[in-house]
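Working notes, beginning with the structure itself.
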Amino acid sequence: MVGITNKIMLAEMRRQQKLSQSIVDGQTAISTGITLNKPSDDALAWVQVSDIGRAQAQQAAWQANVSYGTTRAATAESNLSEINNLLTRAQELVTSARNGSLNDTSRAAIVEELGTIRTTIDEMLNQTDYQGTPVFDDGQSTLVPVSRGLNLAVVGTRQEVSEGIDVDGAAMSIDEILAASIAAIEGGVDADIAGALDGVKAAQAHITVEQAKQGVRSDRLEVIGDRLTDVDIDLTERRADLESTDLQQVISRLQSQLLQLEAAQSAYARINQKTLFDIIG
């Protein structure tokens with residue numbers, strides 16, 4: 001009789017332990033807002049959440065790359081804009097140098113300012129950030145992975161931006177064009193100065209094209225960044241649907257389990273008391 005009673009008591013104790021643990025899990029779900037805490041909660045949902053977590057990690061890496069690319073692209077756009085402004089000023093200076101009544105002092109001032117423009121443009125073409133990354137790539141564009149199977153060149157190369165400019169059939173760099181302009185003004189021959197002006201105009205037209213190219217790169221990064229954000233929002237919502245607590249459902253279940261536990265504990269106490277009397281008797 002005692003053996004049978006012990007079995008009943010042990011079974012009841014296990015049932016109450018499971019019920020108590022279920023109540024604790026429910027209370028945790030209410031406080032954290034998350035129902036899915038371990039595989040046994042829902043094996044299929046757990047696998048899906050794990051897959052979504054890996055996808056989110058990959059998305060985060062791509063978003064970081066897009067952010068990096070966007071920063072570089074913005075700096076390149078800024079430098080190209082400033083180079084364009086400097087070349088506009090260079091055009092004005094070379095044009096003014098064609099004034100036949102220009103005195104030596106004025107000519108020297110123009111040469112000095114053109115020299116400053118030349119130096120400034122060279123610095124902007126070779127500028128690096130605090131990590132030593134160049135504003136413009138050298139020789140070959142660095143490709144940045146921004147999505148599955150998609151790698152983008154986020155800036156042009158220094159050579160693309162500043163070299164290979166067609167000036168009357170000759171390929172020249174911006175530096176060479178400005179050097180020729182300075183030499184022509186120092187020489188004072190109007191035909192040479194006129195040729196130098198054509199070179200500066202060609203340089204500015206070239207930079208305008210490079211600005212347009214950089215704008216396309218920046219726009220593409222923005223489109224990809226927006227798409228990655230949309231995908232991340234979708235993944236977050238899907239994960240929340242799998243993990244999040246349905247408060248109404250959990251509270252209802254928790255109330256029912258508390259009543260069951262209270263009734264079970266009351267019954268267990270009566271059984272335990274009766275068994276003790278049986279043993280004494």
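Quick note: the coordinates plus some simple rules give every number you see, no bench work behind them. Given the structure is predicted, the values throughout are model-derived calculations rather than measurements. For neighbour counting, all protein chains shown are included, and Cβ atoms are generated from backbone atoms with ideal geometry for every residue, glycine included.
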| remark: The simple spin-label model distance between residue 216 and residue 190, using points 7 Å out along Cα→Cβ, in nm, is 4.2
| From the phi of every residue in the stretch 131-142, what ³J(HN,Hα) in whole Hz does the Karplus formula 6.51 cos²θ - 1.76 cosθ + 1.60 yield, where θ is phi - 60° and glycine or proline is x? | 9, x, 7, x, 4, 10, 5, 9, x, 9, 5, 7
| message | At a 10 Å Cβ-Cβ cut-off, how would you order 130, 68, fewest neighbours first? | response | 130, 68
| Once the mean 1/r over all distinct Cα pairs of the stretch 101-198 is inverted, what Kirkwood radius in angstroms do you read off? | 15.8
| query | Going by how many other beta carbons lie within 10 Å of each one, how would you line up 178, 93, fewest first? | reply | 93, 178
| task | Take the Cα of residue 138, step 7 Å along the line toward its Cβ, and report every residue of the stretch 107-131 whose backbone nitrogen sits under 17 Å from that point. | result | 122-131
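Tell me, 118, 107, 72 in order of fewest to most beta-carbon neighbours within 10 Å?
107, 118, 72
Set the Förster radius R0 to 41 Å, insert the Cβ-Cβ distance between residue 240 and residue 159 as r into 1/(1 + (r/R0)^6), and round the FRET efficiency to 0.05. Kindly include the intermediate steps, with their values, before the conclusion.
On the way: r = 49 Å, r/R0 = 1.20.
Taking R0 as 41 Å, the efficiency between residue 240 and residue 159 is 0.25.
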| note | Computed over the stretch 47-241, the distribution of all Cα-Cα distances in 10 Å bins, rounded to whole %, is 9, 29, 23, 16, 11, 7, 3, 1, 0
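Quick check of the Kirkwood formula: for the stretch 195-242, what is the inverse mean of 1/r over all pairs of different Cα atoms, in Å? All intermediate terms of the calculation are to be shown ahead of the outcome.
Values: mean 1/r = 0.0724 Å⁻¹.
By the Kirkwood definition, the hydrodynamic radius is 13.8 Å.
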| task | Please give, to one decimal in nm, the separation of the simple spin-label points placed at residue 85 and residue 183, each 7 Å out from Cα toward the Cβ. | result | 3.0
| task | Mark the label point 7 Å from the Cα of residue 223 along Cα→Cβ and return the residues of the stretch 142-175 whose backbone N is within less than 20 Å of it. | result | 143-156
